[in-house]
Amino acid sequence: MKALRYYGKKDIRLEEVPEPSPGEGEVKIKVKWCGICGSDIVDYENGPTNIPEVPITFGHEFSGEVVELGKGVKGIHAGDRVAVNPGVYCYKCHRCLHDQYMACVNLRWAGTVGQDGAFAPYVVVASEQALPIPEEVSYEAAAFVEPTMVGVHACKRADLRPGDSVVVIGAGPIGLLTLQVAKATGAGKVFVVEPLASRRKIALELGAAKVFSPDDGDVSIRKEVTSLTNGIRADVVFQCAGPLPAMITAQKLCRVGGKIVMMAQMPKPGEFPFEDLFLREQSIISSWGCMPDEFLTGIAFLADGRVKVEPLISSRIKLDDVIEKGFKELSFGKPEERNDKHCKILVSPE
Ligand SMILES: [Zn+2]
Ligand SMILES: [Zn+2]
């Protein structure tokens with residue numbers, strides 16, 4: 001079968017690989033849809049940032065149908081429609097015992113760490129990774145379960161309270177899902193800061209109270225957010241953009257004693273106004289990935305429509321086109337070269 005293999009910076013190849021078969025405790029899944037993740041683009045553009053060993057079949061946001069069971073598999077059947085938790089945790093190491101599953105010393109993560117991913121017709125995963133989805137969740141929506149959980153995890157990390165005012169910086173897929181999860185979790189007004197007009201429009205469609213462009217400038221955005229929150233500013237700012245200026249904007253929009261949740265990779269270090277943070281007793285909380293139990297929340301939000309994915313899907317492509325119409329389209333290079341057309345690209349091997 002043909003799979004998309006990751007080799008290094010700007011080096012991904014569609015290659016012939018053997019079709020996998022499930023070992024003990026594993027299931028084989030016929031892939032329906034697999035999304036291209038922002039972290040895939042980070043690895044593609046910068047070289048292996050999240051990937052310890054190459055080559056590996058890329059793709060970790062996916063859904064499919066169980067087609068074959070390995071020995072000893074219980075509780076799941078051929079024909080089951082599933083979303084997949086990319087993570088396999090040991091549940092024994094110091095980190096797992098402290099609920100830091102994403103940092104498990106024995107972590108495997110489909111498409112990234114020690115397990116082939118789903119830019120391929122078939123994938124084999126541990127049976128506990130395959131999570132049956134209800135009828136109401138389409139295969140397309142199920143490919144968003146993992147990024148939805150990233151939003152769920154961030155809201156939990158922030159201890160988001162009913163009625164909290166929220167700012168989301170960066171309205172890519174993670175930002176747009178976090179916006180919806182925050183609202184589903186009970187947030188009050190959610191404001192969004194995003195440079196691309198097309199994404200600001202989606203944010204409004206999905207319930208943002210007001211959207212801003214970073215071009216408006218921190219001073220003017222801060223003024224508006226302050227007046228729209230009765231002089232308080234945001235209880236929680238979710239920073240889903242990445243670069244340092246986004247972190248600085250986050251600090252400026254956060255209330256005294258508020259929280260800034262860092263959800264995006266920031267490979268380049270830089271200067272940050274720590275004194276302002278200190279004097280306002282604000283916290284920076286990092287939120288990386290998601291926890292196994294958050295899957296059920298993600299599936300529930302997708303099932304009852306509190307999280308909508310249709311507006312995020314900017315194109316659906318075939319696996320054969322994944323490099324040209326997928327990775328190359330999403331690879332922005334400089335910010336001013338950013339492609340306004342795309343948000344989430346879904347890939348199907350069928
Ligand atoms: Zn992802
Ligand atoms: Zn562990």
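The values are calculated or read from the model by the stated rules, or taken from the named source; none is laboratory data. The model shown is predicted, which means the values in this text are computed figures rather than measured ones. Every residue, glycine as well, gets a Cβ built from its backbone with ideal geometry; the counts of neighbours run over all protein chains shown. In case anyone asks, the SASA skips ligands and DNA or RNA and just uses the protein heavy atoms, side chains included. Shrake-Rupley method; radii C 1.70, N 1.55, O 1.52, S 1.80 Å.
Taking label points 7 Å from Cα along the Cα-to-Cβ direction, Lys268 and Asp215 give a separation of 2.1 nm. For the stretch 257-325, the share of accessible area belonging to carbon and sulfur comes to 56 percent (1.4 Å probe, ligands and nucleic acids excluded). Spin-label pair Glu205-Arg280: with each label point 7 Å from Cα along the Cα-Cβ axis, the two points sit 3.2 nm from one another.
Each part reduced to its alpha carbon centroid, the stretch 129-187 and the stretch 20-51 end up 20 Å apart. Kirkwood radius for the stretch 90-238, taken over all pairs of different Cα atoms as the inverse mean of 1/r, rounds to 17.5 Å.
Which of Pro267, Val225, Val211 sits closest to the plus end of the dipole of the stretch 205-350, meaning its Cα is farthest towards the positive end, when Lys and Arg get +1 and Asp and Glu get -1 on the C-beta? Working it through, the farthest residue towards the positive pole turns out to be Val225. Angle check, please: helix 218-228 long axis (alpha carbons) against the longest principal axis of the chain (alpha carbons), in degrees 0 to 90, nearest 10. Approximately 80 degrees, to the nearest ten.
For a straight C-alpha distance cut-off of 19 angstrom, the aspartates and glutamates reachable from Lys328 (same-chain residues fewer than eight places away being disregarded) are Asp11, Glu15, Asp40, Asp43, Glu45, Glu61, Asp320, Glu336, Glu337, Asp340. Here the accessible area of the stretch 189-250 is 56 percent carbon and sulfur, with a 1.4 angstrom probe and all protein chains present.
In the frame of its principal axes, the stretch 197-350 has Cα extents of 55, 37, 28 Å, reported largest first. Spin-label model, Ser227/Met1: points 7 Å from Cα along the beta carbon direction are separated by 5.7 nm. May I ask for the angle, rounded to the nearest 10°, between helix 244-253 and the longest principal axis of the chain, with both axes built from Cα atoms and the value confined to 0 to 90°? So the helix axis and the longest Cα principal axis differ by about 50 degrees. Counting only alpha carbon atoms, the long axis of helix 145-157 and the longest principal axis of the chain meet at about 40°.
Only lysines eight or more places from Lys92 in sequence, or on another chain, were considered; those with a Cα closer than 25 Å are Lys71, Lys74, Lys156. Helical content of the chain, expressed as a calculated mean residue ellipticity at 222 nm, amounts to -7000 deg cm²/dmol (DSSP H runs of 4 or more residues, -39,500 (n - 2.57) each, divided by residue number, nearest 500). Entry comment: accessible area of the stretch 1-87 is 42 Å² per residue, from protein heavy atoms only and a probe of 1.4 Å.
Only lysines eight or more places from Lys325 in sequence, or on another chain, were considered; those with a Cα closer than 29 Å are Lys2, Lys9, Lys10, Lys28, Lys30, Lys32, Lys201, Lys268, Lys308, Lys334, Lys341, Lys344. Counted over the stretch 76-218, the DSSP beta bridges are approximately 35% antiparallel.
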